[in-house]
Amino acid sequence: MNRFVRSFSLALIPVALLAACSSAPRSRVDAPVYSGAPAYSDYGYVRSIEAVQTSGRTSGGGAIIGGVLGAVVGHQFGGGTGRDLSTAAGAVGGAIAGNEIERNRSAGGAMVYRVTIRMDNGDMRSIDVGSTNGLSIGERVRVEGDRIVRL
């Protein structure tokens, strides 16, 4: 039993490291937003609106589940040090497979609209929104952080 606990603990280390490497999804804000006083705002004109497909992202859950299952399967093989190595190899292989399965299941991501705005100071800003809500090219807008407010 003690050997199993040690092997299982060793198998979880790579899984935890892989899970720590996952990235959080970008936040998306729908336009227009009618809110109180802005912390940051700028004015400009909508230059372009294009529909884009976001990439599928993983949460790390697939890697964790795959790593645990891989460690359990790997622990069934070998004896002594060989069993420890097969447990660790199973955990790493399972984590990689689990992450890829999760990525494939979330493939395609979400459809968003990338709105490019020509700011009054000459800068160009691109903001991804879930819906344009009737926003059109040439329309005057105010940008508050990552939100677009129609004027």
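Side notes on the structure shown:
- Subset of the stretch 129-140 [in contact with an Asp or Glu (Cβ under 8 Å, 6 or more places away or on another chain) and closer than 18 Å to T54 by Cα]: V129, G130, S131
- Of all residue pairs spaced 6 or more apart or on separate chains, those with beta-carbon atoms under 7 Å, a first member in the stretch 126-138 that is at positive phi and of a type outside the set (V, I, T) and a second member that is at pLDDT below 90 and assigned to a loop (DSSP other than H, G, I, E, B) are N133/A31; N133/P32.
- Options G109, G122, G78, G93: the member that is modelled with pLDDT of 85 or more, among the small types (G, A, S) and on the phi > 0 side of the Ramachandran plot: G122
- In the stretch 103-151, the residues that are more than 28 Å from T58 (Cβ to Cβ) and hydrophobic (A, V, I, L, M, F, W, C): I117, M119, M124, L135, I137, V141, V143, I148, V149, L151
The values are calculated or read from the model by the stated rules, or taken from the named source; none is laboratory data. This is a predicted model, so every value here is computed, not measured. No Cβ is skipped: glycine too gets one built from the backbone with ideal geometry, and neighbour counts run over all protein chains shown.
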